[in-house]
1. Could you check how many residues of segment 16-29 are out of contact with any His (no Cβ under 8 Å at 6 or more places or on another chain) and outside any strand (DSSP E or B)?
2. Could you check segment 91-165 for helices (runs of 4 or more DSSP H) lying wholly inside it with 1 or more residues that are touching a helix residue (DSSP H, G or I) at 6+ places or on another chain (Cβ under 9 Å) and over 22 Å from VAL242 (Cβ atoms)?
3. Would you please list the contacts, defined by Cβ atoms under 6 Å and residues six or more apart or on different chains, that run from a residue in segment 39-67 that is modelled with pLDDT of 95 or more to a residue that is polar (S, T, N, Q) and in a loop (DSSP other than H, G, I, E, B)?
4. Would you check if there is a residue in segment 68-76 being more than 16 Å from the chain's Cα centre (by Cα) and among the charged types (D, E, K, R)?
Amino acid sequence: MLMADLGALRLHYRIDGDPEGAPLVFANALGTDLRLWDKVIPLLPEGLRIIRYDMRGHGLSDAPPAPYAMGALVRDLEGLLDHLGVRGAVLVGLSIGGMVAQGLAVKRPDLLRGMVLSNTAAKIGTAAIWRDRVAQVQAGGIEPLADAVLERWFPPAFRATPEARAWRNMVTRTTIDGYAGCAAAIGGTDFYTTTAALSLPVLGIAASEDGSTPADLVRETIELIEGARMVLIRDAGHLPCVDQPEVYARHLTDFLRELDHGRRDRAEDVVDK
């Protein structure tokens with residue numbers, strides 16, 4: 001079990017794969033932890049240094065008092081990557097993890113060579129919606145919201161499986177400060193202007209049955225970024241890495257190969273000159 005001491009905060013993280021491999025970093029969604037990626041990891045190519053972490057207030061990471069600012073969540077990931085000496089990573093962020101990814105790409109472009117924005121947007125919902133969510137959680141906990149969360153997360157067929165119960169347990173066992181704090185961070189974030197200025201390679205992933213970040217919302221953000229492209233996963237919900245892991249892993253693998261191919265081409269261009 002690995003904990004990164006970032007001074008004011010300790011983050012739980014895990015590293016799989018090749019310790020000397022190309023870094024691939026995953027940032028989780030609200031109400032989940034690093035287990036969000038369990039089904040995808042075994043399906044990825046060999047030779048990767050796979051880094052996952054629990055966002056503050058989630059999993060085994062520290063849970064400071066709410067509310068949180070998006071800038072703090074970006075600093076957490078920045079601090080973790082600096083702690084691990086990571087440069088030139090591909091960062092995969094889902095939902096709030098995708099917002100953190102956008103913020104980090106603007107602040108520290110030296111850390112990233114590519115980014116996957118999965119089931120996310122430059123702005124998700126409205127400040128009023130998220131203020132209400134924070135108030136509900138602080139007043140009555142997460143349990144009263146859990147069924148509605150699962151409806152947004154998964155299609156009906158997946159919600160009927162025994163596994164869905166585990167995901168319900170995960171969201172309800174998130175700390176109140178962690179859930180409310182990150183919800184406040186989402187409500188206070190609008191990255192339209194800064195995300196539109198990004199120039200690194202980006203893959204957007206959307207899902208046809210996503211009740212939290214519909215495909216059109218994801219597309220709107222991806223179209224802000226010059227050269228970015230988007231894929232749509234059919235019959236998947238807000239967490240397609242869970243209900244369609246094989247398809248998700250295939251798109252991620254294709255993107256990684258495109259990046260590697262482009263890097264080889266650039267190297268060959270330099271040699272030719």
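The values are calculated or read from the model by the stated rules, or taken from the named source; none is laboratory data. These numbers come from a predicted model, not from an experiment. Using ideal geometry, Cβ is built from the backbone for each residue, glycine included, and neighbour counts are taken over all protein chains shown.
1. 4
2. Of the helices (runs of 4 or more DSSP H) lying wholly inside segment 91-165, those with at least 1 residues that are touching a helix residue (DSSP H, G or I) at 6+ places or on another chain (Cβ under 9 Å) and over 22 Å from VAL242 (Cβ atoms) span 96-107, 127-140.
3. Between residues of segment 39-67 that are modelled with pLDDT of 95 or more and residues that are polar (S, T, N, Q) and in a loop (DSSP other than H, G, I, E, B), the close pairs are ASP54/SER61; MET55/ASN28; GLY57/THR175; HIS58/THR174; ALA63/THR175.
4. Within segment 68-76, the subset more than 16 Å from the chain's Cα centre (by Cα) is 68-69.
Keeping just the survivors that are among the charged types (D, E, K, R) gives none.
Scanning segment 68-76, I find no residue that is more than 16 Å from the chain's Cα centre (by Cα) and among the charged types (D, E, K, R), so the answer is no.
Every residue, every condition in (1) surrounded by 21 or more Cβ atoms within 10 Å (Cβ to Cβ); (2) out of contact with any helix residue (DSSP H, G or I) (no Cβ under 8 Å at 6 or more places or on another chain), yes or no:
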| site | (1), (2) |
| --- | --- |
| ILE176 | no, no |
| TYR179 | yes, no |
| CYS182 | yes, no |
| THR194 | no, no |
| ALA197 | no, no |
| GLN244 | yes, yes |
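Every residue, every condition in (1) within 24 Å of ILE225 (Cβ to Cβ); (2) charged (D, E, K, R); (3) assigned to a helix (DSSP H, G or I), yes or no:
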position	(1), (2), (3)
ARG14	no, yes, no
GLY57	no, no, no
ALA66	no, no, no
GLU78	yes, yes, yes
ARG87	yes, yes, no
